Amino acid sequence: MKKVFIYEIKKLLIPLVIYLIIMSILGCTILVFDTTVAWTHFTSLYGLFLLFLIIGIVYKTFTYNKKRISADMTYSLPVTKRELFVGKYLAAIASLVVMAVIFTLVCLIIFALAYVSRAFEYSTTAGQTLDVQLEYFLLGVLIQIAITIPMFNFILLFYYKANTVLDGIVYVGLGLAIVFLVSQIIIDNADSGFSMFPLLIYVEAPKYFFEDPFLHQPRIDNVSLFTTIFIIYAILGYLISIYLIWFSKKDCSIRTQGLSNGIFGYRVFLPLTAGLIPILIVINSGHVEIIPLWYILIGIALFIGYCIYHRNVKFNKESYIVFASTLGFNFFVLMIWMITQI
C-alpha cells in the first residue's frame, strides 16, 4: 500500500503543479480587472479551485478500472484490491489537503497585494475607505476544506461504480442531480428561498453561514435548515469512504468496459432523476403553459439516457417498462397539478 501511495503521489505531482500555477494566474488576473477587494471573490475562486481539483484527481487516480488492459495490469500487482484502493485513496486525499493549504497561502498573498494596492488608491481619494472582511475568507476556507472530502467521496462513488469513463461522467452528473433535486424539494417545500445546487453550494457555501458584512443580516431566510442539510450531506460524504473501502475488495476487471447495468447506476439514476424533476417543477412553477414543454424535454432526456446506457436505440424489456412507467408517472403528476391550477 505504501508503494501505491508513493507512486500515485509522484504521478499527480506535475499535473497538480501546473494546475496550481494556472489557478494562481487566474486569481491575479481577476483582481487586476476588479475595482474592489472582497472576501467573496476569494471564497468563490477557492471553491472552484477545489472543485476542479477533485474532478481532476478522481479522473487521474481512479480510471484504472475503466479500461481492460490497465485493470488487468493493476489487479495483477502484488497487493490486495483493498490495499490498492486505500493507497490510491490516501494519495488523493493527501493531494487535496496539501493543495488546499498551498492555495490558501497563494490566495492570502494575492489578497494582501491587492489590499495594499487598493488601500493606496482609496487613501488618495477623499472620503473613501476600504472595508475588507478577511476573516470571512479564512472562515470560508475552513468550511470548504471540511467539506472537500465529502464532495470528493460523492464524486468518487459515482465515478468508481461505473464500468467506463463515459458512464462515470454520466453517473457523476446524475448522482449530483439527484442530491440537488432531493435537497431542493425539501427546501422549496419549506419555503426557504435558496438554491441547494451542490456545485454552487460547494463554491458559495461559506457566505450563507454568515451575515452579509455590509447589510448585517442573514443571506438566506432559513439558516438552520441550510445548516442541517449541509451537515447531513457532509456526514453522508464521510460515510461513503467506508463503503468504498469495503466495496473495493469485491471489485474486479471483469466488469471493465462492460454494460453498466448494476442497481447503483442507470437502472435507478435515470428514472429517479426523471421522476424528481416534475415534483420540483410542480412546487416552483407558476406557469401552466410551459408544463407540456417540460414533459417533452424530460422524455427526450430520458430516452437519450437509456440510449447511452444500452449503447443502442433498442432497450431491454426492463428498460422499456421503466421508461414507460416513468413517463406515465410524470404525466400523472403534471396533469394533476395543471388541473388544480385551472
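The table that follows gives values for the structure above.
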quantity: Length gained when the stretch ILE186-TYR320 is fully extended (0.36 nm per residue, less Cα-Cα span); calculated: 45.2 nm
quantity: Pair ILE245, LEU297: separation of 7 Å Cα→Cβ label points (nm); calculated: 4.3 nm
quantity: Out-of-range pairs (alpha-carbon distance over 18 Å; input LYS2/LYS88; LYS10/LYS67; LYS11/LYS250; LYS250/LYS317; LYS3/LYS250; LYS10/LYS60); calculated: LYS10/LYS67; LYS11/LYS250; LYS250/LYS317; LYS3/LYS250
quantity: PHE52 paired with MET338, simple spin-label distance in nm, labels 7 Å along Cα-to-beta-carbon; calculated: 4.3 nm
quantity: Two-site label geometry, VAL17 and ALA146: point separation in nm, points 7 Å out along Cα→Cβ; calculated: 3.4 nm
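Here, each number is a calculation from the coordinates, and none is a lab measurement. Nothing here was measured: the structure is a model prediction, and the numbers come from that model. We place every Cβ from the backbone using ideal geometry, glycine too, and count neighbours over all the protein chains shown.
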